[in-house]
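Read the figures in this text as sums done on the coordinates, not as results from a lab. Keep in mind that what you see is a predicted model, and the values were worked out from it rather than measured. For neighbour counting, all protein chains shown are included, and Cβ atoms are generated from backbone atoms with ideal geometry for every residue, glycine included.
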Amino acid sequence: MSALACLILSAALAYLIAQFRQRRSPREATRAWRDASELVFDRNLRFWVKEEFETGDAPKDFANYVESKNALVSYMASNLLMLADRRLEIDPSTSDAETFVRQHGDLDDDVIESMWITRLSEGRQFMA
């Protein structure tokens with residue numbers, strides 16, 4: 001009877017641990033997405049992303065620049081991809097969106113979005 005109780009107890013504990021890990025994972029992803037969305041307002045970071053794209057020189061005194069840059073670029077690229085899909089019903093490649101963000105990262109979000117839609121609309125006319 002004691003072995004059966006230990007087995008049931010260990011199974012219950014394993015189940016609780018699995019549930020905890022499952023619930024923690026989306027929370028961490030949400031937190032990372034929230035942190036990336038806050039980077040959008042960092043004008044200095046956006047300036048350096050564009051500067052690095054144009055010159056190839058990354059800032060030397062910018063703490064966590066690479067991680068911040070990657071989070072910002074992927075966040076903004078995801079938004080541009082959703083915008084293109086919603087407005088034009090096309091699905092451009094992620095690399096196109098990331099390159100576009102790096103080229104125009106120092107502009108306001110509304111300007112970036114309108115330029116992105118204009119660019120894709122023109123490209124779509126040539127395809128038709």
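Would you please name the residue that is farthest from S68 (Cα to Cα), looking only at residues in the range 89-112 that are hydrophobic (A, V, I, L, M, F, W, C) and surrounded by 14 or more Cβ atoms within 10 Å (Cβ to Cβ)? Filtering first and then ranking leaves I112. Entry remark, the range 102-128: residues being closer than 21 Å to L45 by Cβ and touching a Phe, Trp or Tyr at 6+ places or on another chain (Cβ under 9 Å) number 8 in total. Please determine whether any residue of the range 62-79 is exposed (fewer than 13 other Cβ atoms within 10 Å of the Cβ) and part of a loop (DSSP other than H, G, I, E, B). There is at least one residue in the range 62-79 that is exposed (fewer than 13 other Cβ atoms within 10 Å of the Cβ) and part of a loop (DSSP other than H, G, I, E, B). Taking first residues from the range 85-106 that are among the charged types (D, E, K, R) and partners that are in a loop (DSSP other than H, G, I, E, B), the Cβ contacts under 9 Å between residues at least 6 apart in sequence or on separate chains come to D85/D91; D85/P92.
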